[in-house]
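A short worksheet on the structure shown next.
Taken together, the values in this text are just the output of simple stated rules run on the coordinates, not laboratory data. Computed from a predicted structure; not experimentally measured. Every residue, glycine among them, receives a Cβ derived from its backbone with ideal geometry; neighbour counts consider all protein chains shown.
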Amino acid sequence: MVELKGIPAAPGLATGPAVRWEQKRLEIPRYPISDAAGEKNRLTAARARAAEQLHALKAKVARQAGAEEAAVFEAQAMFLDDSVLVGKAEDAIQSGQNSEAAWLDAVEFFARQLADLTAETLRARAADVRDAGQRVVEILLGVKTQASLVLSEQAVLIAHDLTPSQTATLDASKVLAFCTAEGGPTSHTAILAKALRIPAVVGLSEEILNIADKTLLLVDGIAGSVTAQPDEVSLRAFEVKIREYGAKVARDNELAGQPAVTMDGHRVEIVANVGSLEEARLALQYGAEGIGLLRSEFLFINRERPPSEEEQREAYAAILDTMGTRPVVARTLDVGGDKEVPYYDFGREANPFLGYRAIRISLDHPEDLSTQLRALLRASSGHDLRIMFPMIATLEEIRRAKSLFGEARREIATRELEIASSLQLGMMVEIPAAVLLAEKFAAEVDFFSIGTNDLTQYTMAAERGNKRLSHLNDPCHPAVLRQIERVTQAAHQAGIWVGVCGEMAGDLDAIPVLLGLGVDELSMAAGFISAAKQVIRRWALADAQAAANLALDLDTADAVRQAMRSCRK
Ligand code: PEP
Ligand code: MG
């Protein structure tokens, strides 16, 4: 029996035979060429063919797993046209290299630069770059290493890491679980596994690749562990665990549609974080009572220009129509940090997370913010739309954003277009400056939504994507909890509501504390909704308040988590 520890990437338990998926390494021929023009044409044709394949894959994956999952292929296709990359490859061809070698060297140069970056999302892009680059080389060589894996029976898939191209050709119904040597919680494998609801453990190190095909595996996507060749006792115990887990999921799903009310009758609204129309549909299936954070970036990334007012209106209307009269909190554009778009000039920033981001960009391009606000307003008729602004640090920012909203509203009125009868305007509280002046901000808005992902990184001065700092990035730290307490009190004194929309809202240790601190709404990834509702139903508000008071007085995040686990109901 061999036990391996990795990173839990998608919840669930599974047992089954292992199948290893190895990506064959391509042997690249290197030879001098004399017809540089002909060789460049060969590369251009191969890139065009690869882009065609990627667009076809995008359409296929969008149907199967949703637009967000498919967007990666658009990004890959755009990368194939990157002028710096193509220029570098063509220069090498001009100096006498064959196109396969010239292209692969240029791709590898870019991939290495990305792989050296600290932000995990950017590092993950190195795999995308290589994936797209490899596709072109295969076309040039007329070979196919990305052949789809045909699973004859259900199996646990083991791989170094899965590229988008590999997973797109996979018959997901045959995959019991994913286990990869590489990858973090936001890797492509993790995102795909969650979307398909298949358990996954990533970051298992090279050891997982030594496991022979057909070896029986026990995969625990909750604990992040994999057991190979289990003894009889462990196997039986795991089978019982799978049955119990299955029964719990079924129970949770049944209860997911009901509201979350504490034992003493206090209701907390449980809503979803959503980044596409597909996710909005999924959120409803999971029992979301609305959307607490619509990340509008999905409309703006992977393209050359921002979307038009009409394109945005259509996209927002589709999501609002899906949600009916349930509340939908749409956040205006939040790019920057690790999400760059080509149409804004980010310059060179030493600290992008402290740089040109979110509302700072929007107020620098007021015409774009106004376009987004008009599109949202025009989509709002008959719905409960609420709009919020990200990364607010100063009162000037929120006042300026509100004034642009007022202008957009007046403009819609002059066009005699219908909008929702009541519209709320709010802000994200994710910068300590906004916490410290919460009383003043509360007089400006209809609600607060606390973004604990950013609030934690800015409180602890620890970048949220930096793995080496993950011990500092715990929202259960009393320094963060005290800020949530302060914001909640200021909100309630001013008679406005307050939600939490960072990952903390779906964190089972943290939920009772947030309940006790008086948070009115929790917005989380759809997959956490049923479990979150169950936690709230097991608590009385008074007990949660006592637990929150205790947590506020503790010294460390670990102490808070320990205390919460010891009183888990
Ligand atoms: C947050 O910062 O907590 C948040 C919800 O916003 P994002 O994760 O999109 O930055
Ligand atoms: Mg944020």
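Some observations on this one:
- Trypsin sites (Lys or Arg not before Pro) restricted to DSSP loop in the stretch 291-350 with at most 15 other C-beta within 10 Å: Arg303, Arg348
- Ranked Lys533, Lys40, Lys5, criterion: other C-beta atoms within 10 Å, fewest first: Lys5, Lys40, Lys533
- The amide H of Phe346, built 1.01 Å from its N in the peptide plane, has no neighbour under 5 Å, considering only residues 5 or more places off or on other chains.
- Paramagnetic label zone (point 7 Å from Cα along Cα-to-C-beta, Asn210; backbone N under 20 Å) in the stretch 1-33: 1-7, 18-23
- Modelled FRET efficiency - R0 25 Å, Ala45 with Asp105, Cβ distances, 0.05 increments: 0.80
- Sorted by Cβ density within 10 Å, fewest first, the residues Ser470, Ser449, Ser225, Ser421: Ser421, Ser470, Ser225, Ser449
- Helix-only mean residue ellipticity at 222 nm for the chain, each DSSP H run of n ≥ 4 adding -39500 (n - 2.57), per residue, nearest 500: -15500 deg cm²/dmol
- Exposure proxy ranking, count of Cβ atoms within 10 Å, fewest first, for Asp520, Asp334: Asp520, Asp334
- Counting DSSP beta bridges with both ends in the stretch 262-566, the antiparallel % (nearest 5): 5
- The antiparallel fraction among DSSP beta bridges confined to the stretch 110-250 stands at about 35%.
- Among the listed pairs Lys58/Lys339; Lys40/Lys339; Lys60/Lys144; Lys241/Lys339; Lys5/Lys248; Lys5/Lys241, those whose Cα-Cα separation exceeds 30 Å are Lys40/Lys339; Lys241/Lys339.
- Each residue of the chain gets 155 Å³ once the volume of the Cα convex hull is shared out per residue.
- Two-site FRET efficiency, Lys144 against Asn466, from Cβ-Cβ distance with R₀ of 45 Å, rounded to 0.05: 0.75
- For Trp497, the residues 5 or more places off, or on other chains, whose built amide H falls under 5 Å of its own are Phe448.
- Loop-located trypsin sites (Lys or Arg not before Pro) in the stretch 398-482 (DSSP state other than H, G, I, E, B) with a sparse environment of at most 11 neighbouring Cβ atoms within 10 Å: Arg415.
- √(5λ) per eigenvalue of the Cα gyration tensor, the stretch 36-141, largest first, Å: 25, 18, 9
- If both residues of a DSSP beta bridge must be in the chain, then about 35% of such bridges are antiparallel.
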